[in-house]
Amino acid sequence: MNKTDLINGMAENAGITKAAAKKALDSLLTDIEGSLKKGDRVSLVGFGSWSVSKRSAREGRNPQSGETIQIKAKNVVKFKAGSDLSSAVN
């Protein structure tokens, strides 16, 4: 499923136009992104939660040359599925 499929499904299930569904989805994604940028955790009970975790700098290895390289520290987004979502797919 891609974004267009999701918008079409939202419009059909909610009985709204595709334009309204696109606007709602874009708003949701913008709000989630904004919260994660601030370092907040986003939780949708039953569905899951997103959080930001810090990955420290580390040494890695170039697979082509075998030489050691330095990998910079960065923030990564993690998603943990909620109980309802986990139950639905199992």
Counting sequence-distant residues (5 or more places) and residues on other chains, those with an amide H built under 5 Å from that of GLY46 are SER83, ASP84
Phi-derived 3J(HN,Hα) across the range 71-79 with the Karplus relation (6.51, -1.76, 1.60, θ = phi - 60°), rounded Hz, x for Gly and Pro, is 9, 5, 5, 7, 8, 10, 8, 10, 10
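Given a Förster radius of 41 Å and the C-beta distance between THR17 and ARG55 as r, what FRET efficiency does 1/(1 + (r/R0)^6) yield to the nearest 0.05? Provide the component values of the computation, followed by the final result.
On the way: r = 41 Å, r/R0 = 1.00.
After rounding to 0.05, the efficiency reads 0.50.
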Placing each pseudo-label 7 Å from Cα in the direction of the beta carbon, SER65 and LYS37 end up separated by a distance in nanometres of 3.6 nm
For the chain, the longest principal axis of the Cα atoms and the Cα long axis of helix 3-14 enclose an angle in degrees, to the nearest 10, of 30 degrees
Calc'd 3J(HN,Hα), the range 84-90, phi into Karplus 6.51 cos²θ - 1.76 cosθ + 1.60 (θ = phi - 60°), Hz, glycine/Pro = x, comes to 5, 5, 4, 5, 5, 8, 10
Karplus ³J(HN,Hα) for the range 28-37 (6.51 cos²θ - 1.76 cosθ + 1.60, θ = phi - 60°; Hz, whole; x = Gly/Pro) runs 4, 5, 5, 5, 5, 4, x, 5, 5, 4
Whole-percent carbon and sulfur contribution to the accessible surface of the range 1-62 (1.4 Å, no ligands, DNA or RNA) stands at 53 percent
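The values are calculated or read from the model by the stated rules, or taken from the named source; none is laboratory data. Owing to the predicted nature of the structure, the values given are computational and were not obtained by experimental measurement. Backbone-built Cβ (ideal geometry, glycine too); neighbour counts: all protein chains shown. Ligands, DNA and RNA are excluded from the accessible area calculation, which covers all protein heavy atoms including side chains. Shrake-Rupley method; radii C 1.70, N 1.55, O 1.52, S 1.80 Å.
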